[in-house]
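Data first, discussion second: the structure below is written as structure tokens.
The values are calculated or read from the model by the stated rules, or taken from the named source; none is laboratory data. Quantities reported herein were computed from a predicted structural model and do not represent experimental measurements. Reconstructed Cβ throughout: ideal geometry from the backbone, glycine too, with neighbour counts over all protein chains shown.
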Ligand code: NDP
Ligand code: 2M3
């Protein structure tokens, strides 16, 4: 009890004080007139993000493979109040499409303020045996295309001091059975984009990177994928989409969204953060920084 009073309580007060002093309030006007690209926007969380952004008065360019669905989403976006709404259909298996898509999106809106990377290739829960072909496809669509899209958007994002938003999963921070390839692709996103975030910090590139760590969300695809294999409460896709946009607008490093309140604390990994902070101090970046 004495230990609690002497150490834990002051630490808690310090932590809460720090948390609230450095965390701005989100206001929907933050997105008004912003030029936002959303991938995987024909259904699920991507579609809900497009709807929220439209209500907030953003410009949106959406993509996915299904032209028919995108058409419907775009017309609803316009009804909801989007400053402008366009779609470009194509597959993220094709890296040339990924690159051209960003360039075209930039031309449609006269620049890009936010790039939301959300699409994944179809995957079902299964044991990994020897399916290297499907692993390669998962890595290409869920990871490599994210890198290609970011590279293509970076010149525009630098100009606007913009943001990259990477939609990941708890399966990109911890391991569970039946999702080996999917999990590998989500861990890869953390390795790559968290490194790039540090490089941006050390080279004064003002492009924020927000990694979103989601638990089970009630999209049609996810509910079908887990049905009969595991039951855990699924959080609502509408709120999930809003939390991603809030975190992105506030330029947070990470957003956690799950139905269990302990998830952000348990997956937040203070050990990793301390090690990363300490290792940064050993660097001399002179060789890599211009002027
Ligand atoms: P959905 O299946 O509802 O949506 C996936 C989107 O990606 C669709 O718009 C789909 O459109 C598009 N897509 C699929 N294949 C391709 C392709 N080859 N090229 C381009 N686009 C493609 O998924 P969710 O909304 O549930 O998930 C969205 C994100 O959230 C993902 O990154 C996922 O990993 C993450 N997440 C979701 C969880 C959940 O429980 N729902 C849990 C944790 C993370 P189309 O088929 O028309 O191409
Ligand atoms: C969206 C679209 C999600 C999925 C999908 C599969 C799974 C469903 C992703 C997770 C979480 C998870 C417990 C492992 C992973 N198509 N196809 C999914 C298979 C659950 N997914 O990322 N939960 C075990 C919820 C975090």
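List of remarks:
- Flag for residue 53 being touching a helix residue (DSSP H, G or I) at 6+ places or on another chain (Cβ under 7 Å), buried (at least 23 other Cβ atoms within 10 Å of the Cβ) and touching a residue at least 60 places away in the same chain (Cβ under 8 Å): yes
- Residues being farther than 22 Å from residue 32 by Cα, more than 20 Å from the chain's Cα centre (by Cα) and not in a loop (DSSP other than H, G, I, E, B) - total across the stretch 81-97: 2
Residue-wise test of (1) under 22 Å from residue 43 (Cβ atoms); (2) surrounded by 14 or more Cβ atoms within 10 Å (Cβ to Cβ).
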site	(1), (2)
76	yes, yes
83	no, yes
92	yes, yes
112	no, yes
133	no, no
139	no, yes
148	no, yes
151	no, no
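- Members of the stretch 210-233 that are touching a strand residue (DSSP E or B) at 6+ places or on another chain (Cβ under 6 Å) and either more than 7 Å from ligand 2 (Cβ to nearest atom) or assigned to a helix (DSSP H, G or I) (or both): 210, 211, 212, 213, 217
- Subset of the stretch 58-80 (residues that are touching a helix residue (DSSP H, G or I) at 6+ places or on another chain (Cβ under 7 Å) and not in a helix (DSSP H, G or I)): 58, 59, 60, 61, 62, 63, 64
- At least 1 residues being in contact (Cβ under 8 Å) with a residue 12 or more places away in the chain and more than 16 Å from ligand 1 (Cβ to nearest atom) is the threshold, and among the helices (runs of 4 or more DSSP H) wholly inside the stretch 98-209 those reaching it are 145-160, 180-202.
- A count restricted to the stretch 165-181 and to residues that are near ligand 2 (Cβ under 6 Å from one of its atoms) and in contact with a strand residue (DSSP E or B) (Cβ under 8 Å, 6 or more places away or on another chain) stands at 2.
- Scan of the stretch 32-48 for residues that are away from ligand 2 (no atom under 16 Å from the Cβ) and either free of Cβ contacts under 8 Å to residues at least 24 places away in the same chain or in a loop (DSSP other than H, G, I, E, B) (or both), ordered by number: 32, 33, 34
- Count - residues of the stretch 247-291 that are in a loop (DSSP other than H, G, I, E, B), modelled with pLDDT of 95 or more and out of contact with any strand residue (DSSP E or B) (no Cβ under 8 Å at 6 or more places or on another chain): 5
- Odd one out for residue 241 among (1) assigned to a helix (DSSP H, G or I); (2) surrounded by fewer than 17 Cβ atoms within 10 Å (Cβ to Cβ); (3) within 13 Å of ligand 1 (Cβ to nearest atom): (2)
- Taking the stretch 265-291 as the range and being under 30 Å from residue 218 (Cβ atoms) and touching a residue at least 40 places away in the same chain (Cβ under 8 Å) as the test, the residues that pass are 267, 269.
- Within the stretch 155-173, the set of residues being surrounded by fewer than 21 Cβ atoms within 10 Å (Cβ to Cβ) and more than 18 Å from residue 253 (Cβ to Cβ) comprises 155, 158, 159, 160, 171.
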